[in-house]
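A.B. asks: Got a structure for you, questions after.
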Amino acid sequence: MLQSHFPEKIMAEPVRLREFSRPQPDEDGMSLPAWIYSDADFLEAERDAVFGGSWQIVCHVNDIPEAGDYHTLDFMGDKFMVVRDRDGTLRGFHNVCRHRAARLLDGAKGKCRGAIVCPYHAWSYGYDGRLGAVPFRENFPDMEPDRNGLAPLELEVFLGFVFVRQRPGGLSVAEMMEPYRAELEPYRLPELVPQGRVTLRPRAVNWKNVGDNYSDALHITVAHPGLTRLFGRSYGSEAQPWVDKMWGDMRAEPSSNLSERLYQKFLPDMPHLPAERQRKWAYYKLWPNIAFDIYPDQVDFMQFIPVSPTQTLIREIAYVLPDAHLPSDRRREMKASRYLNWRINRMVSIEDKALIERVQDGMASRSYTAGPLAITEYGLRSFGRKVRGLIPESRLERAPAPGWYRRREGN
């Protein structure tokens, strides 16, 4: 049986962003309209209203352990970097030279040797973002070095994970995640180290379809037979103001599937986790497009990056505690468990890809505008509430004439 919870405080929690109009009494029980999942103007509105002030995850502190180490993130045309300064401070900047806008750092990660040097004209910047050497400096008589350092980003580290945002102000990541901080702390997240590398998985769907599916507990027993074999029909679901959560507790009955059965067998007890967390898989989606998969054996993050109205990149990587925290005789079991976790979730990913593409395809039908939401679809209700509060056109059944966002903004 599906276990669902809807904390009372979400009902009273206002959208602490940009409110436009009062919600209609019945709109909480309806999905967002199909047209906003393929409309170019709506994506432009989202870029400003949803993502302009949103936190985006870049990496973990242990991805960049030494001075000069960096990670980059390309997001909706903007280019971000996080670099470790010589004093150990993490700093976030736009990955763009202030001279002629050349991209400064290449690749998902790397190391700067002594300075951040532009490959176009050799302007160089310190790890603190200050402009340093400028070749042919005499040719820039009016240039003020103090006003031409790297454009900064607001940066926050939450339990070891590094976030940046372009527009400062609003809630911190810690404030948004506060309802679940206590249950995350036993996982020793600041000590995690990367398992492998960041991967990018393209999906031919709108980014909201990826997030909606992630927060949808109703489809698990219908479309994910492997998860149903592992967790039965008791998948939990709830929503807090800024985070959706789902979870399942592994059954004692051995699965009929070999990978799942071996995972049940080999998954070792974790000395750092309380008893109720030893066999629990939990999922947390942070507004608007970041998700954490919290397993006993590893932790993943996923980020749903819009590419176009109907194209999304899922950016993800797994992290693990160094095996030194386990007795030597259990390390082999842990290695096997992580591999089996990957096999199980690879199939879940294949199943979800088919589901979200099916939904995106159906949304093109003129017969569909919006559908009713169950009272237990808490994540979808919460997400819709925020989108309607930020972009009033999301209350329309059909799309306005093309160009509506530029006309509305006077652009």
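No value in this document is a laboratory result; all are computed from the given coordinates. Here the structure is a predicted model, which means the values were calculated and not measured. Glycine also receives a Cβ, built like all others from the backbone with ideal geometry; neighbour counts cover every protein chain displayed.
A.B. asks: Given the convex hull over the Cα atoms of segment 41-196, what projected area results after averaging over all orientations, in nm²? The partial results should precede the final answer.
C.D. replies: On the way: hull surface 45.6 nm².
For the Cα atoms of segment 41-196, the hull's average projected area reads 11.4 nm².
A.B. asks: Next question. In Å, the Kirkwood hydrodynamic radius of segment 285-372 over pairs of distinct alpha carbons? Before the final figure, lay out each step's value.
C.D. replies: Details: mean 1/r = 0.0631 Å⁻¹.
By the Kirkwood definition, the hydrodynamic radius is 15.9 Å.
A.B. asks: Where Rh is the Kirkwood radius over the Cα pairs of the chain, the temperature 25 °C and the viscosity 0.890 mPa s, what D in µm²/s does Stokes-Einstein return?
C.D. replies: Working: Rh = 23.0 Å.
Rounded, D is 106 µm²/s.
A.B. asks: Defining a contact as two alpha carbons under 8 Å apart and six or more residues distant in sequence, what relative contact order in percent does segment 206-331 show? Spell out each step's value before the answer.
C.D. replies: Values: 182 pairs, mean separation 27.2, N = 126.
RCO, segment 206-331: 22 percent.
A.B. asks: Which one of V359, P271, A336 has its Cα pushed farthest toward the positive end of the charge dipole of the chain, where Lys and Arg give +1 and Asp and Glu give -1 at the Cβ?
C.D. replies: A336
A.B. asks: For a protection proxy built on the mean count of beta-carbon atoms within 10 angstrom, sort 336-346, 127-137, 374-384 highest first, please.
C.D. replies: Values: 336-346: 17.8, 127-137: 14.8, 374-384: 20.8.
Going from most to least packed, we get 374-384, 336-346, 127-137.
A.B. asks: Which cross-chain or sequence-distant (5 or more) residues have an amide H under 5 Å from the amide H of Q166, H modelled 1.01 Å from N in plane?
C.D. replies: The list, which skips near neighbours in sequence, is S54.
A.B. asks: Here's a follow-up. Which peptide among 265-278, 347-360, 385-398 comes first, and what is the full order, when sorted by highest mean count of other Cβ atoms within 10 Å? Let's see the in-between values first.
C.D. replies: Details: 265-278: 14.1, 347-360: 15.9, 385-398: 17.4.
For the peptides 265-278, 347-360, 385-398, the packing ranking is 385-398, 347-360, 265-278.
A.B. asks: Calculate one ³J(HN,Hα) per residue across segment 200-213 by plugging θ = phi - 60° into the Karplus curve 6.51 cos²θ - 1.76 cosθ + 1.60, and present them in order as whole Hz with x for glycine and proline.
C.D. replies: Calculated HN-Hα couplings, in order: 10, 10, x, 9, 8, 8, 5, 4, 5, 5, 5, x, 4, 5 Hz.
A.B. asks: Counting other Cβ atoms within 10 Å, keep those with at most 12, restrict to DSSP loop, and tell me which trypsin sites (Lys or Arg not before Pro) in segment 215-248 are left. Don't skip to the end; give the middle numbers.
C.D. replies: Details: sites: R229, R233, K245; in loops: R233.
Sparse-neighbourhood loop trypsin sites (Lys or Arg not before Pro): R233.
A.B. asks: Now for a separate question. Treating only the Cβ atoms of Lys and Arg (+1) and Asp and Glu (-1) as charged, compute the dipole magnitude of segment 164-243 about its Cα centre; round to the nearest 20 debye. Display every interim value, and only then the final one.
C.D. replies: Values: 10 positive and 8 negative charges, 91 e Å.
It comes to approximately 440 debye.
A.B. asks: Place a +1 charge on the Cβ of each Lys and Arg in the chain and a -1 charge on the Cβ of each Asp and Glu, then give the dipole magnitude about the Cα centre in debye, rounded to the nearest 20. Write down the numbers at each step before the final one.
C.D. replies: Numbers: 56 positive and 55 negative charges, 152 e Å.
Result for the chain is approximately 720 debye, rounded to the nearest 20.
A.B. asks: Another question, then. Work from the charge dipole of the chain (Cβ charges, +1 for Lys and Arg, -1 for Asp and Glu, about the Cα centre) and give the residue of S31, F383, H71 farthest towards its positive end.
C.D. replies: Sorting the options by dipole projection puts first H71.
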